């Protein structure tokens, strides 16, 4: 007989029924000459009891060990009073074992397969096939499957078509390095793995497939963090004849319905905030609105002071002077302030000035800080009044180039919000809109803030005249301080696309070489269109409460983009390299 039920499906309604379970021995224990085996499968645990009155069966069951694969036939019965286990789905019943078959034995695993064992991530990734047996990990993969199912259902119900786009394509400038694939049949030429299906989904709009989606694999050869992987999955959406407000509404409804169906959470309406407002108030274009702290600009109050640490950035058009008020923060010890100083240095800050507000009524004498003596009393009072400081608060200051101040104080705001348990809600969604079209790099060259296929809000002439003043028709969806995804209205006219390429320093020949197929498509009646891409891994991470997207990907890479389980990437033999027309350069020997 094959499996009749999963372990997690057993309940009181099956009392007296004979069932068959297939799974792994999670743990075994013996009590009062009765043997208990906890059997585990993907749906949960079930307790199986073997009693000594059947000596042969008892001896068979007594030989099994943890992680043996077994098939058990038995009879469901209500657990005795006082033995119900409320922590598992099948906790009200147990199974009286009538037969047991060992389908495979197992060696002792390299780590315990329960939720409570502290195991290093390297070991877990090396034996990922075992790590995924743990109920905690199995639940995350099941949640991921349910999330993708609900997203597909919503998109199917709203008229979107699931269309696959190529994995082998050509390199495009999307802000990160491509993974390149050498061609055997075209010597010296390379495919690229797609950073996104961006151009193909735009071409589908030109083709008349006016509502497209795909759960798409994407690849970026970039430095990794807790929320980055070299290969990742995104929910890719594109639609024709809708503006940004309509696309945002449609996407917002999708996310709200997802949270209702999966988590029973009502997210409510998503507020919309401009990029400039987000940077001014929170120092970030993906602010965590659960944290009530905000940055307060004070450059105008410090332009005339002699203290150059403040006066320099205050008088610099590219500078910023801002403060962060932490209510009740004056009680923090100097060691914690020093820790925060080290923290902001990682974002380029040269230091972290601070003022403890002990007694406002005493003026400067009621303030504790090494910088008070450098700031005139009237300026201090103006700063305190603007900040809304109260007795017992601490003020942290940032004074540098605007980017450094935003990065440092924005990150400090989030750190303090968590350290002081200031979060005001479980979920805080947000749309950020009106992004700049371009940003200037350290070399002075302009780069697209999102990607070069995003439509500007202005004309091609205004774009060419002052590109740094141009805003884009882009929008990012943010949840709890993480960018879930982003999208934009795309350029659908050839002349505008060429104008954007020109601003980016891509000349006519390079435009034709790299994007000739797109430019050709735009001259054959491309409709107005736009879309969105959501990071599925990041979405599942948030909804599951995981700390890293590696926790919600079945077989993730490490932060160095390696797979410890398969030992990838690996070397390739010389014959294969010759077929690919590749010769490796010898690495210099270390001295």
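Values in this text are rule-based calculations from the coordinates and carry no lab data. Quick caveat: nothing in here was measured; it's all calculated off a predicted structure. Every residue, glycine among them, receives a Cβ derived from its backbone with ideal geometry; neighbour counts consider all protein chains shown.
Quick look at the numbers
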quantity: Extension gain from residue 53 to residue 269, taking 0.36 nm per residue of separation minus the Cα-Cα distance; calculated: 71.4 nm
quantity: Share, in percent, of DSSP beta bridges within the range 7-104 that are antiparallel, nearest 5; calculated: 95 percent
quantity: Cβ-based exposure ranking for 453, 36, in which fewest neighbours within 10 Å come first; calculated: 36, 453
quantity: Förster radius 41 Å - calculated FRET efficiency between residue 445 and residue 371, Cβ distance, rounded to 0.05; calculated: 0.60
quantity: Neighbour-count ranking [beta-carbon atoms within 10 angstrom, fewest first] of 213, 6; calculated: 6, 213
quantity: Gain upon complete extension [residue 84, residue 207; 0.36 nm per residue less C-alpha separation]; calculated: 38.2 nm
quantity: Sequence-separation-based contact order of the chain, relative, with Cα cut under 8 Å and 6+ spacing, percent; calculated: 13 percent
quantity: Coarse-grained scattering of the range 122-275 at q = 0.08, 0.10, 0.18, 0.19 Å⁻¹, given as base-10 log I(q)/I(0) from a Debye sum over alpha-carbon atoms; calculated: -0.32, -0.51, -1.30, -1.33
quantity: The chain, helix-only ellipticity at 222 nm - DSSP H runs n ≥ 4, -39,500 (n - 2.57), divided by all residues, nearest 500; calculated: -9000 deg cm²/dmol
quantity: Inter-probe distance in nm under a simple model that places probes 7 Å from Cα toward Cβ, at residue 138 and residue 426; calculated: 2.5 nm
quantity: Where labels lie 7 Å past Cα in the beta-carbon direction, separation of residue 103 and residue 215 in nm; calculated: 2.4 nm
quantity: Estimated distance in nm for a label pair at residue 277 and residue 585, the labels positioned 7 Å out from Cα along Cα-to-Cβ; calculated: 5.1 nm
quantity: Ranked list, fewest to most other Cβ atoms within 10 Å of each Cβ, for 431, 354; calculated: 431, 354
quantity: In degrees, nearest ten, helix 377-387 long axis to first principal axis of the chain (Cα); calculated: 40 degrees
quantity: Rg followed by Dmax, in Å, when the range 291-424 is reduced to its Cα trace; calculated: 13.7, 40
quantity: Modelled FRET efficiency - R0 25 Å, residue 249 with residue 482, Cβ distances, 0.05 increments; calculated: 0.70
quantity: Set of the range 39-68 residues, backbone N closer than 14 Å to the point 7 Å along the Cα-Cβ line of residue 27; calculated: 39-40, 45-48, 66-67
quantity: Efficiency of FRET from Cβ geometry, residue 123 and residue 520, R₀ 45 Å, rounded to 0.05; calculated: 0.30
quantity: Span from the the range 76-112 Cα centroid across to the the range 244-299 one, whole angstrom; calculated: 45 Å
quantity: Options [x] 37.9; [y] 24.6; [z] 26.3 - which one matches mean projected area of the Cα convex hull in nm² as calculated here; calculated: [x]
quantity: By average C-beta atoms within 10 angstrom, highest first, the peptides 283-291, 232-240; calculated: 232-240, 283-291
quantity: Length gained when the stretch residue 359-residue 161 is fully extended (0.36 nm per residue, less Cα-Cα span); calculated: 64.9 nm
